[in-house]
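Q: Below are the structure tokens for one structure; questions will follow.
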Amino acid sequence: MKIQRLGLVASVALVGSLALSACGSDNNASGSGSSDTASGSSSNASAADCGPDGGGTLNAEGSSAQKNAIEEAISSFQDKCSGTTVNYNPSGSGAGIKQFIAGQVDFAGSDSALKKTEKDGKIEADEAAKYCGSPAWNLPMVTGPIAVAYNVKGVDKLVLTPEVTANIFNGKITTWNDPAIAKVNSGVTLPSQPIKVFFRSDESGTTENFTKYLKAAAPNAWTAEPGKAWTGKGEGKQKSDGVAGAVKSTEGGITYAEWSYAKDNSLGIAQIDNGAGPVELTGDSVGKAVAAAKPDGEGNDLRLKLDYATKEAGAYPILLVTYEIVCSKGKDAKKAELTKAFLKHFASEETQKSLEEIGYAPLPAEVQAKVETAIGALS
Amino acid sequence: MSSNTVRMTDVAIVDEPRSTKPAGATDGPATADSGGSGGRRSPSPVFGHPARAREVKDHLARVVMWLAFLLALVPLVWILWTVLSQGYHLLLQSEWWTNSQKGITSRREGGGAVHAIQGTLIQGLTTAVISVPIGVMTAIYLVEYGRGKFAKAVSFMVDILTGIPSIVAGLFIYAVWVTTLGLQRVGFAVCLALVMLMVPVIVRSTEEMLKLVPNELREASYALGVPKWKTIMKVVLPTAFSGIVTGVLLGLARVMGETAPLLILGPYTKAIATDLFGGYMATLPTMINQDRSESLQPAVDRVWAAALTLILLVLLLNIAGRVVARFGSVRK
């Protein structure tokens, strides 16, 4: 009797809560003030752009560096193609590749192309090819520039060479009016303030890429091995917003951070002079550096070898390229079709342009054309 | 009542600190008007003022206890206050309870948590449906039938299961489900990992409740010629019912907040998903984890709000557990 009554109450409560949550909606498109550029094209999206009829679900996992970019692309893709769902879990490049090889995701996002050298008795590229039954392709998709951000009163334009940058970040240059800085900034009045360097105290791909740049472009000044953990001088702060926030509130501060953080905090962004004149950080200048990168793969495997020490005029050298890693011949026809449709949307000029607003640089035209060709060849 | 009496005597004694008379033989409570703040107490005539030392110790212990209590309270209040103040405003929007996060990016406001709430509830209930019969039946075996080596082994295994870190449970299921069987990571795999965590909790709490059932009830039942299984079904279980339900609800509250197995087995999705055997399913812990490292305000707000939602959900279950315990007990 008692039990029955309790059971009744419990089941009513459970059914009620389920029923409540079951009337939820996936439709977030209306009234949310979407700034997606692709939403305008929703009416004329042909079926071919959206993969198989009836939509479907794609699962992807990997690099957290491209999280915001792919989120934006997913959002506009889903707006365009109702019935499709794309999931991206930013669990890190290594985890993404592992899950891809284990057949858990449809494509992986990674900060670096699949390795062709042996590590722990396994070659990533071969493992991936074995899983796919066909070569796995690395498609460069998102370009994330790293800004050298500073906060010095009255200095709107600052030029840094790799040597000067390395010496600032390893503590050899300690004041803003140091002759080495003044030499590359003629005509700028630099204060005698001490330089306060902030670095990422957590392990970070940004640190790795920045130190890779310093090592490649100024090997004499930067002797430490590049890595995810910071080896230079300065004060540590957690995460990108930590360092950007610290520079914002500290006069004389300098740090390295993803472009979007420097922009969001309206910090000064140094121009980098690799030897061919100072280069401002813009979508175009980053694109030039990507375009100047040497292709390192065969055919449609578009792995890039970035040249951090590039002397290409107008190319901004401190950047990171993230790839999407896909099977060239998909295992499941429907999934492959949907993957193709999504990547096509991601690589499209429209989507790439929209990424510039949120701190990523669009792929330069020639690389983008190659990526589109490669996506067209996916089957 | 009794403390009052003691105090009266104490005060009476205080009046004659240097008396050589035995403590009991004072002039009685007539001198109780001597302040009686309870501050100074019973100096023994023989040993000088050991009462002062006792008093100090008493105070010291009291202060330390209160400090410890306050210290334990600090993080609790702090967490609750932070989560509440940072997360409440999203919970007040109806969209939070009706919409998913599909199509919402870290830069955009809007969307809700219904996909995650639903996922947490579905996975929690499935876990309960699997673990409750196993757990309760194991407990019945241990209390009512189990004798000898096998019962000891079972009890020992339950102890070991209790000590398993949740991440190990998650990795174990991953090894079985994904690596060995080659299946996809789905909601049901998460449930299996959570079952491993929930079963020992239920076994232990049910065991305690069954042990509390007075043996006289069982004996009375046997005396009437009722078979053992019927005694358990009709006498023992109903008597312990409210306690068992409380244990189940507390166990459920615990696994709902569990994160480690979810990170390994239950990837996040922003869309509403109800299929336990296909595709990803969002849960509140994974929703929190997804934007954990984000610094964009809309995403940060959502993390706080999701945390508050989870706390509320677990709180509701806990309250339900207490209510059942209070009103569900069989009248003696």
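The values are calculated or read from the model by the stated rules, or taken from the named source; none is laboratory data. From a predicted model like this one, the values you see are computed outputs, not experimental measurements. Positions of Cβ are generated from backbone atoms using ideal geometry, with glycine treated the same way; all protein chains shown enter the neighbour counts.
Q: Which helices (runs of 4 or more DSSP H) does segment A:304-379 wholly contain that include 3 or more residues that are at pLDDT below 90 and over 30 Å from B:Gln297 (Cα atoms)?
A: A:333-347, A:365-376
Q: Could you list all residues from segment A:190-220 that are part of a strand (DSSP E or B) and not basic (Lys, Arg)?
A: A:Pro194, A:Val197, A:Phe198, A:Phe199
Q: If you don't mind, there's one more thing I want to ask. Here are some conditions: (1) part of a helix (DSSP H, G or I); (2) hydrophobic (A, V, I, L, M, F, W, C); (3) out of contact with any Cys (no Cβ under 8 Å at 6 or more places or on another chain). B:Ile104 meets all but one. Which one does it not meet?
A: (1)
Q: Take segment A:24-74 and flag every residue that is at the interface with chain B (Cβ under 10 Å from one of its Cβ atoms), in contact with a helix residue (DSSP H, G or I) (Cβ under 7 Å, 6 or more places away or on another chain), modelled with pLDDT of 55 or more and in a loop (DSSP other than H, G, I, E, B).
A: The answer is A:Gly24, A:Ala29.
Q: Name the helices (runs of 4 or more DSSP H) wholly inside segment B:116-220 in which the number of residues that are closer than 30 Å to B:Glu95 by Cβ is 1 or more.
A: B:187-212
Q: Mind counting the residues in segment B:267-289 that are under 26 Å from the mean Cα position of the chain (by Cα), crowded, with 21+ Cβ neighbours inside 10 Å and within 10 Å of chain A (Cβ to nearest Cβ)?
A: Of the residues in that region, 2 qualify.
Q: For B:Ala113, work out the one condition from (1) aliphatic (A, V, I, L, M); (2) under 23 Å from A:Glu72 (Cβ atoms); (3) more than 10 Å from every other protein chain (Cβ to nearest Cβ) it doesn't fulfil.
A: Just one mismatch for B:Ala113, condition (3).
Q: Identify all residues within segment A:75-133 that are assigned to a helix (DSSP H, G or I), within 14 Å of another protein chain (Cβ to nearest Cβ) and either crowded, with 16+ Cβ neighbours inside 10 Å or of a type in the set (Gly, Ala, Ser) (or both); write none if there are none.
A: Those that are assigned to a helix (DSSP H, G or I), within 14 Å of another protein chain (Cβ to nearest Cβ) and either crowded, with 16+ Cβ neighbours inside 10 Å or of a type in the set (Gly, Ala, Ser) (or both): A:Ser75, A:Ser76, A:Phe77, A:Gln78, A:Asp79, A:Lys80, A:Ala95, A:Gly96, A:Lys98, A:Gln99, A:Phe100, A:Ile101.
Q: Can B:Ser242 be described as surrounded by 11 or more Cβ atoms within 10 Å (Cβ to Cβ), closer than 27 Å to B:Met198 by Cβ and of a type outside the set (A, V, I, L, M)?
A: It is true that B:Ser242 is surrounded by 11 or more Cβ atoms within 10 Å (Cβ to Cβ), closer than 27 Å to B:Met198 by Cβ and of a type outside the set (A, V, I, L, M).
Q: Is it fair to say B:Ser205 is crowded, with 20+ Cβ neighbours inside 10 Å, in contact with a helix residue (DSSP H, G or I) (Cβ under 8 Å, 6 or more places away or on another chain) and of a type in the set (Ser, Thr, Tyr)?
A: The answer is yes for B:Ser205.
Q: Now for a separate question. For segment B:224-332, which helices (runs of 4 or more DSSP H) that fit wholly inside it have 2 or more residues that are over 30 Å from B:Arg107 (Cβ atoms)?
A: The helices (runs of 4 or more DSSP H) meeting that bar are B:228-231, B:237-256, B:297-327.
Q: Only residues that are under 19 Å from B:Ile104 (Cβ atoms) and at pLDDT below 90: list them for segment B:294-332, please.
A: Selection gives B:Glu294, B:Ser295, B:Leu296, B:Gln297, B:Pro298, B:Ala299, B:Val300.
Q: Given the options B:Trp78, B:Trp96, name the one that is within 30 Å of A:Thr84 (Cβ to Cβ) and modelled with pLDDT of 90 or more.
A: Details: B:Trp78 fails: within 30 Å of A:Thr84 (Cβ to Cβ).
Exactly one of B:Trp78, B:Trp96 is within 30 Å of A:Thr84 (Cβ to Cβ) and modelled with pLDDT of 90 or more, namely B:Trp96.
Q: Give just the number: which of (1) closer than 30 Å to A:Lys115 by Cβ; (2) aliphatic (A, V, I, L, M); (3) surrounded by 22 or more Cβ atoms within 10 Å (Cβ to Cβ) does A:Ala292 not satisfy?
A: (3)
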